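The values are calculated or read from the model by the stated rules, or taken from the named source; none is laboratory data. Predicted, not measured: the structure shown is a model, and the values here were computed from it. Positions of Cβ are generated from backbone atoms using ideal geometry, with glycine treated the same way; all protein chains shown enter the neighbour counts. Just the protein is used for accessible areas: all its heavy atoms, side chains included, with ligands, DNA and RNA removed. Shrake-Rupley method; radii C 1.70, N 1.55, O 1.52, S 1.80 Å.
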Amino acid sequence: MLNRIAKGLLLTEAEREHLFMLALGHLPEVRYRVTNGITPRKIVFCTPHVSKMQMNWDSLARSVVAAFRADAVRAGASAEVDELVKDLSLRSPEFAALWQNNDVQIHGEGTKCLQHPTVGLIELEYSGFAVEGRSDLGLIIYNPATPNDLQRIRTLIGIISAETEK
């Protein structure tokens with residue numbers, strides 16, 4: 001009933017949560033929203049040229065799958081996740097094997113190294129965050145680790161801009 005009231009009043013997600021807290025003393029059940037298109041998991045496991053650029057692909061793949069498992073549980077999306085897991089497992093034996101490990105972790109923070117074919121090694125620092133009021137969303141912010149990495153990224157942007165203008 002509270003969901004219908006929230007919908008009828010056109011409440012935002014934060015307002016909906018507040019309504020539940022006032023009425024019931026707890027947050028509402030999580031609502032998972034299915035996304036269509038490219039996901040980080042599909043990029044990591046189904047795009048060969050991207051995986052070749054990763055300096056430590058095995059570690060990255062393990063952390064992507066473990067964070068995906070944690071995100072899926074937090075978002076309460078078992079039925080939707082089952083379909084995605086089935087699809088990724090068919091497309092990537094590596095994903096299927098890692099999913100069977102049942103590892104769980106949050107995105108956290110760390111360093112990611114990419115070997116780009118044109119500009120060379122790029123090192124990025126990253127931090128992952130949960131999006132307030134949207135348990136089905138997360139945000140990962142990447143920053144160049146050094147001034148040299150920033151220059152390589154700028155060079156790459158320049159190359160891509162020049163190719164786009166052609």
Matching label for the computed P(r) over Cα pairs in 5 Å bins from 0, in percent, out of (1) 1, 7, 13, 16, 16, 13, 11, 10, 6, 4, 2, 0; (2) 1, 9, 18, 23, 21, 14, 8, 4, 2, 0; (3) 1, 8, 17, 21, 23, 19, 9, 2, 0, is (1)
Calc'd 3J(HN,Hα), region 11-17, phi into Karplus 6.51 cos²θ - 1.76 cosθ + 1.60 (θ = phi - 60°), Hz, glycine/Pro = x, comes to 6, 6, 4, 5, 5, 4, 4
Once the in-chain neighbours fewer than 8 apart are removed, the lysines whose Cα is under 30 Å from K42 read K52, K86, K112, K166
With all protein chains in place and a 1.4 Å probe, V104 shows an accessible area in Å² (nearest 10) of 100
Helix 147-165 sits off the longest principal axis of the Cα atoms of the chain, rounded to the nearest 10 on a 0 to 90 degree scale, by 90
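For F95, F129, give me the order by solvent-accessible area with a 1.4 Å probe, most accessible first, ignoring ligands, DNA and RNA. Display every interim value, and only then the final one.
Working: F95 0, F129 105 Å².
So, going from the largest accessible area down, we get F129, F95.
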Computed about the Cα centre, the charge dipole of the chain from +1 Lys/Arg and -1 Asp/Glu charges at the Cβ has a magnitude in debye, to the nearest 20, of 280
For H116, other-chain or 5+-apart residues with amide H closer than 5 Å (H placed, Pro excluded) are L121, I122
Scalar couplings 3J(HN,Hα) for region 49-60 by Karplus 6.51 cos²θ - 1.76 cosθ + 1.60 (θ = phi - 60°), nearest whole Hz, x for Gly and Pro, are 5, 6, 5, 5, 6, 6, 5, 10, 4, 4, 5, 4
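Leaving ligands, DNA and RNA out of it, report the carbon-plus-sulfur percent of the accessible area of the chain at a 1.4 Å probe.
Details: 6260 of 11100 Å².
Carbon with sulfur: 56 percent of the solvent-accessible area.
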